[in-house]
Structure formats: structure tokens, C-alpha cells
Amino acid sequence: MANSYGESCEREETHVAAWMRAKAKEAGMESTGAEHQQVRFWGEVDLKELAVRAAEKAVTFLRARPIPSRKTSVIFRNQVFASILGVMLSGPVNADWVQKGRSPLANKLGEQIASTNISIIDDGLMHGGWGTRPFDDEGHPTQRTPVVERGVLKSYLYDTYTALKDDVESTGNARRPYYWMAPQPSPSNLILKPGEAALEEIIQETRQGVYVEETIGEWLSNPVSGELNATVTHGYLVEDGELSDPIKGVVISGNFYELLRDGVEMVGRDLRNNMQNYSPTIKAAQLTIAGE
């Protein structure tokens, strides 16, 4: 009897939920909300805060709409740009890509490849880092490797094999995805070093633009050509230094290497990660928004 009653309640709840979804769809009100955090220690996770932020996002974005196409300033949330950084730079700084002629950064050591407010390191020793480990998959000690210093390309990331080919020391970046595969260089914790600006300051300094809260599809961008594409699922218009209407369903495009070299106007101080990739909030001077 208890089982039958429970099953009946579950069916009723399912019907109610389906009815509510149908009514929301009829009214053109559909939305999702999600929030995530990737850490090494349970004590760093506030599950209640994540749940509240996800719920608030779902409600706020019920009224989100696409906007007309334009070129405008774009503020990337820290976790969003961390994902983009990993997609676009993990391969090109890999010494195996460089030696095989696949990397657009080949033969550019010592050259200015980014603006002076851009510094990037790979830190296998970072406390609590997602990719922190005492040694790599060849048993070589990990280390802190400057990749880009004030815009200048300083190093590639090596395992033993690629290091021997270039007659340098391994940087401790050997990674073996599966036990039957040969190791290849891969970042441990790839970090875009934070600047001085608070998120509120970055928004206040933006007269017209877009704040990007969440994206999908950035993994389909091309790290060789630098062509960046990402679909904004959650974002806001920025008008007169304030967040205004929620937006969704627009595509951001531009060239990642041009962005690093000429387009980063402000670098935040709020470092967050997407897996082993870390970034603060970034303000791009101008990117293309493809919308209505």
C-alpha cells in the first residue's frame, strides 16, 4: 500500500512539473540555472551558496533574450575565461605541438605575444590546485614555469622526450591520459595572473558592453588559427556602468591571439578555476556579438 501511494504521489508530481513546464513554454518563459566549483578540499565548497546562485540564475534568465548583432566590449566572468584559456593555450604551449609545427607560438620565444598586463604561469606546486602533484607521469618533479611574462613568451611546457629534442630540461609536465599511452606535455595548473581591478570596478568602467556569465561551445574554437567562438547561455547587457537586461543565445567571436596582444583592457583580481585552468575576470575592448 505504501509503495502504491508513493508511486501515485511521484506520478502526480511528474504531471504537475510537466504541466508547469508546458505553461512556461507557452508563455515563452524557459530558463536554466547552474553553478559549479572545482576544488581539492571539501571545506572550500559552500553547497548552499551554489544552490542559491543556481536558483537565482534560473529565475533571472526567464526573461533573457538575444540582442542585435554588434561589436562591443565584452567582460568575461573568471571561470568562463579560464575555460577559454585552457582550450586556446594548452596545445600551443605544448612543446610537442611546437616541434611538430602545429603551434602558432613556434619560434616565438622571447617575443611579445600579448600586452604587458598579461602574465601566464604553469604551476604544478600550487597549494590546492586542481592539477597539483609532486611529480609528473614520468616521475620528474613538477615546478612553477613562467610561460608568458608581461606579454613576452618565456617557455614551452616539456616532458622528457620533447626536452631532449630541444636540449633543455623537462618542466615536469608529462601526462599519460591512459596507462597504455605514451606521455605528452600538458599543463598542470595554467594560470593567468590576476590584476588589481575588482569586478564592480570593471563593470563601472564599461559604458556599453556585455557581461558573460556562462557559455557553451568554446571547446569548438580553433587554437591553431586563434579563432574563438562561444555561445552565451547566460549574460547581461552593460549600460552606463551597470548590469541591465539578461541576454542569451548570442555568439561571441574574435581572434584569441589578437585579444591577448591588443584587446585586454582590464584584468580582475578574482582568480577562479575551470578544472586546471585559472583566470580572473577579463575585459576585452571589442569582440563581435552575433545575435538577432
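For this structure, a couple of remarks:
- Centre-to-centre separation between the Cα atoms of segment 258-278 and those of segment 164-243: 6 Å.
- Hull volume per residue, based on the alpha-carbon atoms of segment 188-292 and their convex hull, is 107 Å³.
- Mean Cα-pair separation over length for the chain, i.e. relative contact order, pairs under 8 Å, 6 or more apart, %: 25
- Most to least packed among 52-63, 121-132 [average Cβ atoms within 10 Å]: 121-132, 52-63
- Restriction of the GluC sites (Glu not before Pro) in segment 147-222 to DSSP coil positions whose beta-carbon has at most 14 other beta-carbons within 10 angstrom yields Glu169, Glu196.
- Derived scalar couplings ³J(HN,Hα) [segment 191-201; Karplus, 6.51 cos²θ - 1.76 cosθ + 1.60; whole Hz; x for Gly, Pro]: 10, 7, 5, x, x, 10, 7, 7, 4, 4, 5
- Counting charges near Val168 (Lys, Arg +1; Asp, Glu -1) among other residues having Cβ under 13 Å from its Cβ returns a value of -2.
- Square roots of five times the Cα gyration tensor eigenvalues for segment 36-188, Å: 34, 22, 14
- The chain: calculated mean residue ellipticity at 222 nm from DSSP helix runs of at least 4, using -39500 (n - 2.57): -7000 deg cm²/dmol
- Sorted fewest first by neighbouring Cβ atoms within 10 angstrom, Ser188, Ser119 come out as Ser119, Ser188.
- Label point 7 Å beyond Cα of Asp245 along Cβ direction - residues of segment 268-292 with amide nitrogen under 12 Å: 292
- Of all beta bridges that DSSP places with both ends in the chain, some 85 percent have antiparallel geometry.
- Ordered by the count of other Cβ atoms within 10 Å of each Cβ, fewest first, Asp270, Asp96, Asp136, Asp46 give Asp46, Asp270, Asp96, Asp136.
- Cut-off 11 Å between beta-carbons: net charge of the residues surrounding Glu56, Lys and Arg +1, Asp and Glu -1: 0
- Above-threshold pairs, the threshold being 24 Å between Cα atoms, out of Lys108/Lys165; Lys48/Lys283; Lys71/Lys100: Lys48/Lys283; Lys71/Lys100
- Trypsin sites (Lys or Arg not before Pro) restricted to DSSP loop in segment 171-253 with at most 11 other C-beta within 10 Å: Arg207
Each reported figure results from applying straightforward, stated rules to the coordinates on display, with no laboratory input. Nothing here was measured: the structure is a model prediction, and the numbers come from that model. Positions of Cβ are generated from backbone atoms using ideal geometry, with glycine treated the same way; all protein chains shown enter the neighbour counts.
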